[in-house]
Amino acid sequence: MNLSIHASFLPHDDPEASLAFYRDALGFEVRNDVGYDGMRWITVGPAGQPDVSIVLQPPAGDPGITDDERRTIAEMMAKGTFAGIVLATADLDGAFERLQAGDAEIVQEPTRQPYGVRDCAVRDPAGNLIRIQERD
């Protein structure tokens, strides 16, 4: 079996702020922007990688969760503990400078981790943790 990751999902609570972060600060392409019933799903992805996407979704859009679960998700998003993703780049310092200049919430400056990787961490406008690792 030959599988690849096509899309991952991250929640958002402000589509315009999320769009600005992923498009302007990270430089991702906007692949789709769909609204329905007052909600909005935005699909973004890195240029040159058309088969890899992140779908920014409203957490309230899942009909299978309860109101209590929605409140828990909102609380976890506010604390930045609900979701995250790891990205990679050949120029970690350049990516970090771009994010810092774009007023991203900095969690960790570029650092060599004890387990060998050099990375940094920021939060997107919804509180999702975005770690960026340096590719060798």
Using alpha carbon centers only, region 34-68 is separated from region 91-125 by a whole-angstrom value of 24 Å
Net dipole in debye of region 32-83 [+1 Lys, Arg Cβ; -1 Asp, Glu Cβ; about Cα centre; nearest 20]:
160 debye
Leaving out ligands and nucleic acids, note down the accessible area per residue over the chain with a 1.4 angstrom probe, in whole Å².
60 Å²
May I ask you to list the residues of region 63-106 whose amide nitrogen lies under 19 Å from a point 7 Å from Cα along the Cα→beta-carbon direction of Y115?
81-89
Evaluate the distance, in nm, between pseudo-label points positioned 7 Å from the Cα of A60 and of A78 along their respective Cα→Cβ axes.
1.5 nm
The chain: Cα Rg divided by the 2.2 N^0.38 Å rule of thumb
1.08
If amide H atoms are modeled at 1.01 Å from N in the peptide plane, then the residues at a separation of 5 or more from R118, or on another chain, having amide H under 5 Å from its own are Q113, E134
Summing -39500 (n - 2.57) over every DSSP H run of at least 4 residues in the chain and dividing by its residue count gives a helix-only mean residue ellipticity at 222 nm, to the nearest 500 deg cm²/dmol, of -6000 deg cm²/dmol
Run the numbers on the chain and let me know its relative contact order in percent, using alpha-carbon pairs under 8 Å that are six or more apart.
24 percent
Rounded to a whole %, the carbon-and-sulfur portion of the accessible area of the chain at a 1.4 Å probe is 51 percent
To the nearest 20 Debye, how big is the dipole of region 1-134 about its Cα centre, given +1 on the beta carbon of each Lys and Arg and -1 on that of each Asp and Glu?
280 debye
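The values are calculated or read from the model by the stated rules, or taken from the named source; none is laboratory data. Everything numeric in this text was worked out from a predicted model, so none of it was measured. Neighbour counts are summed over all protein chains in view; Cβ atoms, including those assigned to glycine, are modelled from backbone coordinates with ideal geometry. Just the protein is used for accessible areas: all its heavy atoms, side chains included, with ligands, DNA and RNA removed. Shrake-Rupley method; radii C 1.70, N 1.55, O 1.52, S 1.80 Å.
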